1. Take the conditions modelled with pLDDT of 95 or more, assigned to a loop (DSSP other than H, G, I, E, B) and open to solvent by 10 Å² or more (accessible area, probe 1.4 Å) and apply them to Val91. Does it pass?
2. Which pairs have Cβ atoms under 7 Å, sit 6 or more apart or on different chains, and link a residue in region 234-252 that is more than 14 Å from Asp299 (Cα to Cα) to one that is polar (S, T, N, Q) and part of a strand (DSSP E or B)?
3. Any residue at all in region 338-349 that's within 29 Å of Pro18 (Cβ to Cβ), within 22 Å of the chain's Cα centre (by Cα) and either without any contact (Cβ under 8 Å) to a residue 24 or more places away in the chain or surrounded by fewer than 16 Cβ atoms within 10 Å (Cβ to Cβ) (or both)?
4. Go through region 146-165 and give me each residue that's surrounded by fewer than 24 Cβ atoms within 10 Å (Cβ to Cβ), among the small types (Gly, Ala, Ser) and not in a strand (DSSP E or B).
5. Kindly indicate which of Ala125, Ala66, Ala78 is modelled with pLDDT of 95 or more, surrounded by fewer than 22 Cβ atoms within 10 Å (Cβ to Cβ) and assigned to a strand (DSSP E or B).
6. Can you go through Gly101, Gly60 and tell me which one is at pLDDT 95 or above, under 26 Å from Ala241 (Cβ atoms) and open to solvent by less than 20 Å² (accessible area, probe 1.4 Å)?
7. Would region 26-39 turn up any residue that is part of a helix (DSSP H, G or I) and among the aliphatic types (A, V, I, L, M)?
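The values are calculated or read from the model by the stated rules, or taken from the named source; none is laboratory data. Being a predicted model, the structure only gives us computed values, none of them experimental. Cβ atoms come from the backbone with ideal geometry, glycine included; neighbour counts cover every protein chain shown. In case anyone asks, the SASA skips ligands and DNA or RNA and just uses the protein heavy atoms, side chains included. Shrake-Rupley method; radii C 1.70, N 1.55, O 1.52, S 1.80 Å.
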Amino acid sequence: MARTRDQDACPGALQVHPAADGALARVRLPGGMITAPQLETLALAATRWASPAMELTSRGNIQIRAVTDTAAVAEALAASGLLPSETHERVRNIVASPLSGRVGSEVDIRGMVAELDQEIRARPALAALPGRFLFGIDDGRGDVSGLAADAGIQVVDDSAALLFAGRDTGVRLPLPDAVKALLTVAGRFAETRGTCWRISELENPDQLLAGFAVTAKPGATWEPVTRGPIGWIEQNDGRVALGAAVPLGVLNARVAEYLAAINAPMVITPWRSLLVFDLDEEVADVALRVLAPMGLVFDENSPWLSVSACTGSPGCEHSAADVRADAAAAVEEPAAGHRHFVGCERACGSPATGAVLVATGDGYRLRGTHP
């Protein structure tokens, strides 16, 4: 794929994007993991120096828009541990199975996420990765492998399958060697990518496998998951997790403050939803009763789970419509499958499956090819 520049312009917390409504800062959350104090910090930063309408991204990150004081936001993030590296802050892109270690019998991969994040930041060469390069760690339940991360791991029995762009390469590794393999692949990509931003853009991605033994049949893929876990979820230890959909991925800072007040671990999922973990039943019941009237959705059958949208107007100068307003208006309309409303042909944030509806200025048309 031909590129006119060798580095993409994905925003970070320091390299912000000059959007139509002001500076946009994106905060990377490896594995989507965030503590209550960190979420409170983001909510306060959005209230003081930006729009209170924070956005959850399709990679389990959080971004804030219309930032008026980028230095103040960066300082607050650093103080809360959300900016552990100035040089690598845009490349800490890791999606991981959000229920791992708490629900189900699959391998607990949370330690692998922490190890991968630490090792990415420790390697100067990986700071040159494009901001769109994505790592994925699937604990075996098959929930994130369908997201087609550039370099991914799928736990298979007691080993790790190495994936490129969501496709099994046939390489099998002992689980303790999985993170090292991801780092090796990422380093080779950074050295040889030319103007490519993603592994799928390479003419021969398998060139990155030099030295790895292919011991299984390559080519397997995983079906994309289109929605995160929603509702009251029993954990393995008897405690409760609450899964909440966030309509159109917009999390108001005031709601985030209430979430932080629960003082429990959280994960932002790649499906623009969130999980609150390790709750006693009484706490979970109170939290659900407080948060549901504030707009969070705990019903897995809600039509809000079948519609999404990019930012649209007025936040994006490329958009031909206020797509969020149109998506909200269309929520109750009967439809088969997921619908993603976008303001232009770039189709930002599109899920892996479903209909992508592109604004024309005079309605919407179905995008001919899926992004």
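1. no
2. Leu248/Ser308; Gly249/Ser308
3. Yes - at least one qualifying residue is present in region 338-349.
4. Gly146, Ala148, Ala165
5. Ala66
6. Just a single option satisfies the conditions, and that option is Gly60.
7. yes
Yes or no, residue by residue, for (1) in contact with a strand residue (DSSP E or B) (Cβ under 7 Å, 6 or more places away or on another chain); (2) open to solvent by 10 Å² or more (accessible area, probe 1.4 Å); (3) not in a helix (DSSP H, G or I):
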residue	(1), (2), (3)
Ile233	yes, yes, yes
Asp237	no, yes, yes
Leu242	yes, no, yes
Leu248	yes, yes, no
Arg254	no, yes, no
Glu257	no, yes, no
Leu275	yes, no, yes
Asp278	no, yes, yes
Val286	no, yes, no
